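Below is one structure; the comments refer to it alone.
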Amino acid sequence: MIIIERQELSEKEKGEVWQILIESDREFVPPLSARSSTVQQDLQDTNEKELPSAYFAALQEQSFLLAKEGEETLGFLSYRQGYVLEKLGKEAYTYVSTVIVRKPYRGQGITAQLYQHLRKITEEKVLLRTWSGNTAHMAVLTKLGFREVLRIPNDRGEGIDTVYYCFGGERSPLQ
């Protein structure tokens, strides 16, 4: 497997990313099809659409890491640099908006490799968010040295917190 950096996706890659979004849409809380952007703050009052079209449009304004085996895209990580989350102050981060690995390839360390590659190419701290029920992802983040920096209780519905993780600023396994 190799990881390819892209500032802009080719038409073929756009099709692959679109297919991965469709396959994984409803695994997210809320579903990607219910979001208007990749940095949307209000995650409770969303109206789910049939397809994640608005989310996909927002993704195309970001940079990508593509995990590839031959011609096949196994998964991707999308990110934007210079992102400021006011709830954490004025510091700029490399913000990971989306990480998805296709189901047949999960559990093979691809997510970890995508994060490790990102750390090699950015000088900024890395920030991302997930939801409290996404325990598999949170376990990967903890193993890689990310730390929880903000939790917003019930942000995605009753009993579903939004959890922000950060990497950088102190010595950790990826530096």
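The values are calculated or read from the model by the stated rules, or taken from the named source; none is laboratory data. Keep in mind the model is a prediction, meaning the values are calculated, not measured. Glycine also receives a Cβ, built like all others from the backbone with ideal geometry; neighbour counts cover every protein chain displayed.
Could you please give the count of residues in region 64-113 that are farther than 21 Å from ARG129 by Cβ and loosely packed, with under 13 Cβ neighbours inside 10 Å?
Qualifying residue count, region 64-113: 7.
I need the full set of residues from region 43-61 which are at pLDDT 60 or above and part of a loop (DSSP other than H, G, I, E, B), in order please. Talk me through it step by step, then tell me what you get.
Going residue by residue through region 43-61, those that are at pLDDT 60 or above are 49-61.
Correct list: LYS49, GLU50, LEU51, PRO52, GLN60, GLU61.
Could we say that GLU123 is surrounded by fewer than 21 Cβ atoms within 10 Å (Cβ to Cβ) and farther than 20 Å from GLU8 by Cα here? Can you show your working first?
Numbers: surrounded by fewer than 21 Cβ atoms within 10 Å (Cβ to Cβ): yes; farther than 20 Å from GLU8 by Cα: yes.
Taking the combined requirement at face value, the residue satisfies it.
Name the residues in region 123-141 that are farther than 19 Å from ILE160 by Cβ and of a type in the set (D, E, K, R), would you? Show your work before the answer.
Filtering region 123-141 down to residues farther than 19 Å from ILE160 by Cβ leaves 123-127, 140.
Those that are farther than 19 Å from ILE160 by Cβ and of a type in the set (D, E, K, R): GLU123, GLU124, LYS125.
So that you can scan it fast, the table gives a plain yes or no per residue for (1) under 23 Å from LYS12 (Cβ atoms); (2) touching a Phe, Trp or Tyr at 6+ places or on another chain (Cβ under 9 Å):
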position: PRO104; (1), (2): yes, no
position: LEU127; (1), (2): no, yes
position: TRP131; (1), (2): no, yes
position: LEU150; (1), (2): no, yes
position: TYR164; (1), (2): no, no
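Quick one: in region 78-97, of everything that is free of Cβ contacts under 8 Å to residues at least 40 places away in the same chain and among the hydrophobic types (A, V, I, L, M, F, W, C), which residue is farthest from VAL126 (Cα to Cα)?
Only one residue fits best here, namely VAL84.
Within region 27-42, how many residues turn out to be among the polar types (S, T, N, Q), modelled with pLDDT under 90 and either touching a Lys or Arg at 6+ places or on another chain (Cβ under 6 Å) or over 21 Å from ALA136 (Cβ atoms) (or both)? Even if it seems obvious, please write down each step before you answer.
If we filter region 27-42 for residues that are among the polar types (S, T, N, Q), which is where we start, we get 33, 36-38, 40-41.
Adding the requirement that they be modelled with pLDDT under 90 leaves 36-38, 40-41.
Narrowing further to those that are either touching a Lys or Arg at 6+ places or on another chain (Cβ under 6 Å) or over 21 Å from ALA136 (Cβ atoms) (or both): 36-37, 40-41.
Result for region 27-42: 4.
Condition first: within 25 Å of ARG156 (Cα to Cα), modelled with pLDDT of 95 or more and touching a His at 6+ places or on another chain (Cβ under 6 Å). Can you find one or more residues in region 120-136 that meet it?
yes
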